[in-house]
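Structure record follows, encoded as structure tokens.
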Amino acid sequence: MHTIIGIPIAKGIAHGPVRIIHDTSMEAVERLGCNTDEEIQIFHDARNKAIGEIETIRLNTMKNIGEQESKIFEAHQSILEDPELISQVEAYILDKRCCAEWALSLVGNRFRAIFEAMDNAYMKERAIDIKDITCRVVNLIMGHYSDVGSINEPYVLVAHDLTPSQTSTLETKYVKGIITEVGGKTAHSAIIATLLKIPYVVIEKGTTLLKDGDEVVFDGREGSVIVDPDQIYLDAYYVKEKQLVQEEEKYASLRGKVCKTQDNMEVELIANISQIKDLDFIVKSDAKSVGLFRTEFIFMDQERLPTEDEQYEIYKKITTAMSEGYVTIRTLDIGGDKESPLFDIPKEDNPFLGYRGIRLCLEEVEIFKTQLRAILRASAHGQIKIMFPMIASLTEIRKAKDILKICKKELEAVDVAYDSNIEVGIMIETPAAVVMADLFAKEVDFFSIGTNDLIQYTMAVDRSNLKISALYSQYDPAVLRSMKVIAEAAKKENISVSICGEAAADIKLLPYWLGIGISKLSMSVALIPEVKWTISQMTSTKGIEVAKALNKAGDVREVLEGLELTAL
Amino acid sequence: MVKKDFVLEAEEGLHARPASMLAKVAMKFTCDIKLMKSGKADKVFQPKSILSLMSVGAAKGERLTFVAEGDDEVQAMESISQLFTSNFQG
């Protein structure tokens, strides 16, 4: 028995045999002197089997994600039927008398090289498709598992990373746990795993530290994986699993009900969304509205800027789907750690203190206006709120609002409908916005606090710098005091205030948020059930008590002590 | 032999989806079909092969020349025409 340390991603207890899913590296080895007829037959058998597997993925994608997204798999199938590919592989086998997998790897690499050499970014990415497809066939020939859909017994999935095609075929019946080498809590695969309730941890070098058939057990909240566990450990994990099941049942009992404290203070739990493909999960959740719709995905991984019509269709889709509530659309927040080749952002020494968010939009006015017009047009189909990111000065708010006004006039001039009462708000994520909150509150309809950036800017700490990352804490009194200042400024002007950073779902801080008067929390929908249950167990008077107690806390330790004391 | 020029209107160029549609159509015919970028007759691509089509690297606005030769050359060119007129929709 031994333990491997990992990073917790999605909660739950996983127990089962390891199955390593190979897909990113081709490991064919050259074997010469083969029977060419046999090898050609092996190639065609594997090719046909792969076409069948892709058909399953295509149908699943069509059902779970959408028809447009499933089209790529038709292209994958055509590549496997491709006369050029087939004839080159056959010719290579005949010429060198080599094995099928080696011939296919070489021919696949040749095509990849052609695509990789193209100067068109989109076509360059197609090299990945070729790799995806040839790897699948090579793995089939070599008897490796290449597909999460091809195993029909319970197992713990271990892979370098999960591709979208793999996450869309995860069978909860068989996949008892997930271990990948890369990834984080906000990655698409993490969101899907949380929603499907599959325990998930990240272990660097997981595919080499573990091997097929290893028995493992882990708790997705802790991260450590026990290999070949003793019975005593298994028993302990079974107890934990039972507790988790009971918790889930508790949470489920509140489904569909209004979120409120014991003394009937209502708290609005709304959704963060950063990919339109996650929309289904939002619609099925208890969130009635969207508190943060990140629009960066529309601009990332694209060859050219999205048109007004394309953006309009996306905004209309989400607004129509959330017909019972509203959708808060954050305008483009590119820059910082979010790069896109579409924007000419020169290399900066301090990208987080650089050309990003509203700063970029106010320079690239045409891009900004295209987005605003698309949002305005979509507002004719449901309730939309517009939110500007990275605001640090009143001038920025006024300039952005002026541009919005121009967009409205442009639409009026051509008789296009929009919601003339559309609300406009700002993200509060810079210390400047905190100290100016009283004046900013007079200019806008709502505040939304982006805690991730606010913590980083308030503490002046880059959280990816391991030497100082301990300074990054939502429990720092400097951060908590800032939150209070923002909440008070909003209350004074009678505008709404919400939190949309990770801290919104921090179970320990929930009473504090209620205590300082923030009763609107926006988060990943996977976190809503637990947050809702926690709120249902507390009172708003307790919140006020906690807020008062924390006023006197001087550092993180005192904040945590205060939270524990008042929790009793 | 029939020969015809088309201008590619697909937004992202001849990428995976339009290429697979074109290859599917071309495969239905027995005649020999060739594709060249206009003005660059030295490099010939195979419309029946999606890989060959994608390696054309044709962007929006590019002019493409198709040559079909064989029994069903007229029908083949007509089907290819339809794809371009519908801008690879459907």
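Tell me, which residue of the stretch A:87-101 that is in contact (Cβ under 8 Å) with a residue 40 or more places away in the chain and surrounded by fewer than 22 Cβ atoms within 10 Å (Cβ to Cβ) is farthest from the other protein chains (Cβ to nearest Cβ)? Before you say what the answer is, go through the steps one by one.
The first filter runs over the stretch A:87-101 and keeps only residues in contact (Cβ under 8 Å) with a residue 40 or more places away in the chain, leaving A:89-90, A:93-94, A:96-101.
Checking the rest, the ones that are also surrounded by fewer than 22 Cβ atoms within 10 Å (Cβ to Cβ) come to A:90, A:94, A:96-98.
Numbers: A:GLU90: 14, A:LEU94: 19, A:LYS96: 21, A:ARG97: 25, A:CYS98: 21 Å.
Per the criteria, the residue is A:ARG97.
Looking at (1) within 14 Å of chain B (Cβ to nearest Cβ); (2) farther than 17 Å from A:ILE375 by Cβ, which is the one condition that is false for A:PRO306?
(2) is the only condition that A:PRO306 fails.
Is it fair to say A:LEU104 is part of a helix (DSSP H, G or I), away from chain B (no Cβ under 11 Å), surrounded by fewer than 17 Cβ atoms within 10 Å (Cβ to Cβ) and in contact (Cβ under 8 Å) with a residue 40 or more places away in the chain?
no
Against the condition within 24 Å of A:ARG126 (Cβ to Cβ) and either among the polar types (S, T, N, Q) or away from chain A (no Cβ under 13 Å) (or both), how does B:LEU22 come out, does it pass?
Criteria not met by B:LEU22.
Does A:ALA549 fit the bill of being surrounded by 16 or more Cβ atoms within 10 Å (Cβ to Cβ), assigned by TED's automatic domain parsing to the domain that holds A:VAL434 and at pLDDT below 95? Walk me through it before giving the result.
On the way: surrounded by 16 or more Cβ atoms within 10 Å (Cβ to Cβ): yes; assigned by TED's automatic domain parsing to the domain that holds A:VAL434: no; at pLDDT below 95: yes.
It is false that A:ALA549 is surrounded by 16 or more Cβ atoms within 10 Å (Cβ to Cβ), assigned by TED's automatic domain parsing to the domain that holds A:VAL434 and at pLDDT below 95.
Only one residue in A:SER473, A:SER464 is at pLDDT below 95, surrounded by 19 or more Cβ atoms within 10 Å (Cβ to Cβ), in a loop (DSSP other than H, G, I, E, B) and in the same structural domain as A:THR331 (by TED's automatic domain parsing). Which one?
Working: A:SER464 fails: surrounded by 19 or more Cβ atoms within 10 Å (Cβ to Cβ).
Answer to the selection: A:SER473.
Among the numbered criteria (1) more than 24 Å from A:LYS532 (Cβ to Cβ); (2) more than 16 Å from the chain's Cα centre (by Cα), which single criterion is violated by A:ASP333?
(2)
What number of residues within the stretch A:377-399 are in contact with a helix residue (DSSP H, G or I) (Cβ under 6 Å, 6 or more places away or on another chain), among the hydrophobic types (A, V, I, L, M, F, W, C) and in a helix (DSSP H, G or I)?
Residues flagged as in contact with a helix residue (DSSP H, G or I) (Cβ under 6 Å, 6 or more places away or on another chain), among the hydrophobic types (A, V, I, L, M, F, W, C) and in a helix (DSSP H, G or I) within the stretch A:377-399 amount to 2.
For residues in the stretch B:26-49 being crowded, with 17+ Cβ neighbours inside 10 Å and either small (Gly, Ala, Ser) or assigned to a helix (DSSP H, G or I) (or both), which is nearest to the other protein chains (Cβ to nearest Cβ)?
Checked the stretch B:26-49; the qualifying residue nearest to the other protein chains (Cβ to nearest Cβ) is B:SER49.
Go through the residues of the stretch B:56-74 one by one and say whether even a single one is touching a Phe, Trp or Tyr at 6+ places or on another chain (Cβ under 7 Å), within 13 Å of chain A (Cβ to nearest Cβ) and either without any contact (Cβ under 8 Å) to a residue 12 or more places away in the chain or under 22 Å from A:GLN77 (Cα atoms) (or both).
Taking every residue of the stretch B:56-74 in turn, at least one turns out to be touching a Phe, Trp or Tyr at 6+ places or on another chain (Cβ under 7 Å), within 13 Å of chain A (Cβ to nearest Cβ) and either without any contact (Cβ under 8 Å) to a residue 12 or more places away in the chain or under 22 Å from A:GLN77 (Cα atoms) (or both).
Of all residues in the stretch B:1-18, which are more than 15 Å from B:SER79 (Cβ to Cβ) and either at pLDDT 90 or above or hydrophobic (A, V, I, L, M, F, W, C) (or both)? Steps first, please.
If we filter the stretch B:1-18 for residues that are more than 15 Å from B:SER79 (Cβ to Cβ), which is where we start, we get B:1, B:3, B:5, B:7-17.
Of everything in the stretch B:1-18, those that are more than 15 Å from B:SER79 (Cβ to Cβ) and either at pLDDT 90 or above or hydrophobic (A, V, I, L, M, F, W, C) (or both) turn out to be B:MET1, B:LYS3, B:ASP5, B:VAL7, B:LEU8, B:ALA10, B:LEU14, B:ALA16.
The values are calculated or read from the model by the stated rules, or taken from the named source; none is laboratory data. As the structure is a prediction and not an experimental result, all values here were calculated from the model. No Cβ is skipped: glycine too gets one built from the backbone with ideal geometry, and neighbour counts run over all protein chains shown.
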